[in-house]
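Where a number appears in this text, it was derived from the coordinates with a stated rule and is not lab data. Nothing here was measured: the structure is a model prediction, and the numbers come from that model. Virtual Cβ from ideal backbone geometry, glycine too; neighbours counted across all protein chains shown.
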């Protein structure tokens with residue numbers, strides 16, 4: 001059992017820490033969830049859909065997700081250029097687990113908020 005626990009103390013070797021470090025930020029899961037609802041989406045539509053994310057942060061988030069193979073970026077050679085984003089098969093396989101987390105959060109949010117109030121009292 002100790003060998004299994006040891007992997008969590010070494011970032012370089014811990015797949016959970018590596019993955020959560022990449023998409024466990026404020027925006028990545030939301031971007032994946034939005035893209036999971038459509039075939040593809042242009043940057044401005046994605047920005048408007050999320051609403052409170054800055055253009056710079058959306059750009060950084062999309063590039064990170066693209067680098068990990070979770071989102072695909074397609075540039076169309078038109079004038080003006082058109083860029084569309086879509087979730088990849090890898091992203092969809094992750095979305096299955098994210099949706100379970102969303103369900104869990106919905107089911108437990110009231111109890112969590114109550115626990116927080118008791119803790120802070």
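Dividing the convex hull volume of the Cα atoms of the range 62-113 by its residue count, what figure in Å³ per residue is obtained? All intermediate terms of the calculation are to be shown ahead of the outcome.
Working: hull volume 5.6 nm³, N = 52.
Roughly 108 Å³ of hull volume per residue.
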So what's the back-of-envelope 222 nm ellipticity for the chain, counting only DSSP H runs of four-plus at -39500 (n - 2.57) apiece and dividing by all residues, rounded to 500?
-19500 deg cm²/dmol
Take the alpha carbon atoms of the range 27-120, find their radius of gyration, then divide it by 2.2 N^0.38 Å using N residues; give the quotient.
1.31
With the crude spin-label approximation of a point 7 Å out along Cα→Cβ, what separation in nm comes out for residue 45 versus residue 119?
4.0 nm
With axes computed from alpha carbons, what is the tilt in degrees of helix 89-120 against the longest principal axis of the chain, rounded to the nearest 10 within 0 to 90?
50 degrees
